[in-house]
Amino acid sequence: MERCPCCMARLTGTVLCPRCQADLGGVISSEQAARRNLLHAVRFWFEREPLLAMQMLVKSLRMKQTPMALIFGRFIARREVPEVLALLAKNNFSEAKQRLVLLRELQPENEFLAQLQGFTGFLLAEQDGHLHKLLSQ
């Protein structure tokens, strides 16, 4: 953080703003946690743990939306859509839904992900309805 969010004074690396004396400890801690979560997300991605990577990236973005985190989110979304489609083809609707929920948090404006999430919800409802019919017979 380069400027105080309260008065826009340049910061010198202290916890208190030199101009307005605002306590910036919480904001600084949040930025540091966001950075750690982003690093964990990258590590999980390289360890081929996409769900954990997406979860950590979502946590990071909730704390601070850095350019690097946003770019990484777009990268993950592009890589994960084929995986979601493969899960749907295998009738693994619940895992597809789980991934789509995370992807939608990473890319809330992505219309294709919104439609895919809606379609997956429809498939889950159909599957539940079919299972309910079989159980009630």
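Numbers for the structure displayed
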{"read-out": "Pairs, first in a loop (DSSP other than H, G, I, E, B) in the stretch 7-30, second among the small types (Gly, Ala, Ser), C-beta under 8 Å, six or more apart", "value": "CYS7/ALA22; VAL15/GLY25; CYS17/ALA9; PRO18/ALA9; ARG19/ALA9; CYS20/ALA9"}
{"read-out": "Identity of the residue in the stretch 68-78, touching a residue at least 24 places away in the same chain (Cβ under 8 Å) and of a type outside the set (A, V, I, L, M), that ends up surrounded by the fewest Cβ atoms within 10 Å (Cβ to Cβ)", "value": "ARG74"}
{"read-out": "Residue check for GLN65: surrounded by 14 or more Cβ atoms within 10 Å (Cβ to Cβ) and either without any contact (Cβ under 8 Å) to a residue 12 or more places away in the chain or in contact with a helix residue (DSSP H, G or I) (Cβ under 8 Å, 6 or more places away or on another chain) (or both)", "value": "no"}
{"read-out": "Single residue of LYS59, LYS97 found to be closer than 25 Å to MET1 by Cβ and of a type in the set (Lys, Arg)", "value": "LYS59"}
{"read-out": "Matching helices (runs of 4 or more DSSP H) fully within the stretch 43-137 where at least 2 residues are under 13 Å from the mean Cα position of the chain (by Cα) and over 29 Å from ILE28 (Cα atoms)", "value": "93-106"}
{"read-out": "Matching residues in the stretch 1-20 - criterion: being surrounded by 12 or more Cβ atoms within 10 Å (Cβ to Cβ) and among the basic types (Lys, Arg)", "value": "ARG19"}
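The numbers here are math on the coordinates, done by the rules we state, and not lab data. For clarity, every value in this text was computed on a predicted model and none was experimentally measured. As a convention, Cβ positions derive from the backbone with ideal geometry for all residues, glycine included, and neighbour counts pool all protein chains shown.
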